[in-house]
Amino acid sequence: MEQFRQLGEALGSLKALMLFRDSIHVNQRQCSLLFDVLCFAYDSVAEEMKQNLRFEEKHTRWKVLDLPLRDLNRVFKEAEWYIRQCLETKDWWAKAIMLYQNTDCIEFHIHNLLYCISVVVEALETAGEISGCDHHEMAKKRIINSTKYRNENKDLKIFRWKYGKQYLITQDFCNRVDAVWKEDRWVLLSKIREKKFTASSKYEQRLTDLLLKNLDGLESLNGKLLPSSMLVGSRDYQVRRRLGGGSQYKEILWLGESFAMKHFFGEIESLIPEISTLLSRSHPNITRFLCGFTDEEKKECFLIMELMSRDLSSYVKEICGPRKRIPFTLPVALDLMLQIARGMEYLHSNKIYHGNLNPCNILIKPRAYSTDGYVHAQVSGFGLPVVKFKNSSNQNEALPFIWHSPEVLEEQDQSGTTESSKYTEKSDVYSFGMVCFEVLTGKVPFEDSHLQGDKMSRNIRAGERPLFPHSMPKYVTNLTKRCWHTDPNQRPSFSSICRILRYTKRFVALHPDYNSQTDPATPIVDYCDIESGLLRKLPPSWGRCDASSTILDIPFQMFVYRIVEKQKSGTSSTKDTSESGSDGASACGDESASSVDDPFQTVTEKRLPAPREGMSTGRRLSLTKNSSDNKLNKLPGTPKGRSSRPPQISPRGRSMRMNSESQLMALSPKVRRSCGHASDSELS
């Protein structure tokens, strides 16, 4: 209840801000869309809680709602910060340069909202099924939910038609998402053209030229960058400090705002196509290049970027300290991994391959209003291959090969150079797996290895991988091990990685006991297997990684995962009554969850009360003989006289039940319980 109350406070603060929406001169329509969908989300959640929950149970059966509502509250507060930024009137020119192609409203804030609302809806369903004392009413709720997760609903159009309002993706909202960004650019372009005729100084005239060339697609730099004298010759330009160990990156003060600047020398003329591409790309999880300047005589270039706090490598090193503590909690680590994957997904959708993905090329800064350690991450270091490594130094240059895939190392070894034509989507996925290892453990891959240099490189090509600690959840390490598979064809795409990470985040949010030392929650299904199956069965659009795949598909993707998870776990949603948010998987010891051995019980068997203590298995079988004898005869490996549905157990019997389910899961070669590095035989 406290989390929902805080949600109401955050919405009230947003409403106070939006009283002055007419004063928002940059991205006004995006702010209005964000505010409207947040109001709709609050009203939708409030109505669902009113219909399904009982206030007197707020301290007992609402537990599954705590983490989902806390995540939703964070989305509301970060949206408030974004609207405040757009409402700020100080330093208008700097604000226009920073926000003219910013896509954070949709790609960051609405993306996070649609993910969170999917988790909240499921949490409300789970809590609603066990709310109250009327068992008949609870049974009706389970039946209603069971009809929702049926195969025929694994169609995007059907899903939007039936559940679009519940998941916020109404047709009106979808239409507005497609239009607001273009409308805001058009409005800003009109205002800049007006300022061009009312500019009070020559410098403002040149600023209007800068923005017009970047905003107007017809002009689009015209093959040239603006003269560097416009930047370094301005009165308010000031270099504050160098960033990192090299001399390329600096923090500067310009137009009253702090920016990062990349300063390098070279044949700038030949780099203009590459620079133009960088300036046209915008995503919350990649480095944003805002504008560029050049001095043709000195052959130097200045690229202005958004300022971040530091790189991931130094941040992890600072947090871990000499004791090598785990740097992030599991929810924070999964969120960080998802942001990096989303940035790489965007680059790959634009046919840009990184080739040097490592923690030093991931920039971070604290998230607004976050007290839980959440950070905002951006992938950097892509593009400009001619100057990418010039005048740079970082700790990864000593052992650069630990981040490179085996096929890249093989080609480098054969050619004797550090260049490679094997920098592809799959090699980036391998590097991402190594980055995830450092995020999850706080250790640089292979830092404990006794082998160095060429010997380590040979071992990597032979299949050696870093070792995860035994305490690391296997549902997290499974994805990482697939990313660094020796066979590139066995590695998932970044679109698949994003879907798997979202659903893994959802599992952690719905299970507050995910980090329990005695009885941690564990998914009964490998989410990587779900993704592989969907790629085979669903249309090609499911696995597509291009501009047509939008954040509006996120609720549908998580919904389809839920359907498949229910089918694979062998439990019907009519029997999901877990108080802890279990997805129907009996691994959490829910008293009314059905066994994996018997997913299709007859009506007669469902109505039987729980067996009394001391009642023999044979006595229970005699009561259900007409409904279950045929089924028992068909089940291979079921001993005669043993029910396929075990007696309901108390929390003390959880460990026994989880052991039996672990044996069932072991029948699948892809759901592994072992620890350590992954061999090819494990992942094939």
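Annotations for the structure displayed:
- Looking only at region 265-299, and only at residues there that are within 24 Å of TYR100 (Cβ to Cβ) and assigned to a strand (DSSP E or B), the one that is modelled with the highest pLDDT: ILE286
- In the set (1) part of a loop (DSSP other than H, G, I, E, B); (2) touching a strand residue (DSSP E or B) at 6+ places or on another chain (Cβ under 6 Å), SER234 fails one condition alone, (2).
- Check on VAL444, in a helix (DSSP H, G or I) and of a type in the set (A, V, I, L, M): no
- Residues that are farther than 16 Å from PHE437 by Cα and charged (D, E, K, R), drawn from region 312-327: GLU318, ARG323
- Filtering LYS162, LYS182, LYS195 for residues that are modelled with pLDDT of 90 or more, in a helix (DSSP H, G or I) and outside the structural domain of GLY256 (by the TED database) leaves a single hit, LYS162.
- LEU336 vs. criteria part of a loop (DSSP other than H, G, I, E, B), buried (at least 23 other Cβ atoms within 10 Å of the Cβ) and outside the structural domain of HIS109 (by the TED database): no
- Count - residues of region 146-159 that are open to solvent by 40 Å² or more (accessible area, probe 1.4 Å) and either assigned to a loop (DSSP other than H, G, I, E, B) or farther than 23 Å from ARG562 by Cα (or both): 3
- Meets criteria (more than 21 Å from TYR430 (Cα to Cα), open to solvent by less than 30 Å² (accessible area, probe 1.4 Å) and of a type outside the set (Ser, Thr, Tyr)) for LEU534: yes
- Pair list, Cβ < 9 Å and 6+ apart or interchain, from region 454-475 residues that are more than 25 Å from LEU334 (Cα to Cα) to residues that are open to solvent by 30 Å² or more (accessible area, probe 1.4 Å) and among the hydroxyl-bearing types (Ser, Thr, Tyr): ARG461/THR486; ALA462/THR486; GLY463/THR486; GLY463/SER679
- Matching residues in region 511-542 - criterion: being aliphatic (A, V, I, L, M) and assigned to a helix (DSSP H, G or I): ILE530, LEU534, LEU535
- Candidate set: region 515-524, residues that are more than 15 Å from HIS470 (Cα to Cα) and in contact with a Leu (Cβ under 9 Å, 6 or more places away or on another chain); chosen: the one least open to solvent (accessible area, probe 1.4 Å): ALA521
- Odd one out for LYS202, checked against (1) at pLDDT 85 or above; (2) loosely packed, with under 14 Cβ neighbours inside 10 Å; (3) not β-branched (Val, Ile, Thr): (1)
Here is a yes/no grid of residues against (1) open to solvent by less than 20 Å² (accessible area, probe 1.4 Å); (2) over 28 Å from the mean Cα position of the chain (by Cα); (3) basic (Lys, Arg):
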position: SER234; (1), (2), (3): yes, yes, no
position: GLY256; (1), (2), (3): no, yes, no
position: GLY266; (1), (2), (3): no, yes, no
position: LEU278; (1), (2), (3): yes, no, no
position: THR287; (1), (2), (3): yes, no, no
position: THR294; (1), (2), (3): yes, yes, no
position: LYS299; (1), (2), (3): no, yes, yes
position: GLU306; (1), (2), (3): no, no, no
position: ARG310; (1), (2), (3): no, no, yes
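The values are calculated or read from the model by the stated rules, or taken from the named source; none is laboratory data. Since the model is a prediction, treat every value here as computed from it, not as a measurement. Neighbour counts are summed over all protein chains in view; Cβ atoms, including those assigned to glycine, are modelled from backbone coordinates with ideal geometry. Each accessible area value is taken on the protein alone, full model and side chains, heavy atoms only, with ligands, DNA and RNA left out. Shrake-Rupley method; radii C 1.70, N 1.55, O 1.52, S 1.80 Å.
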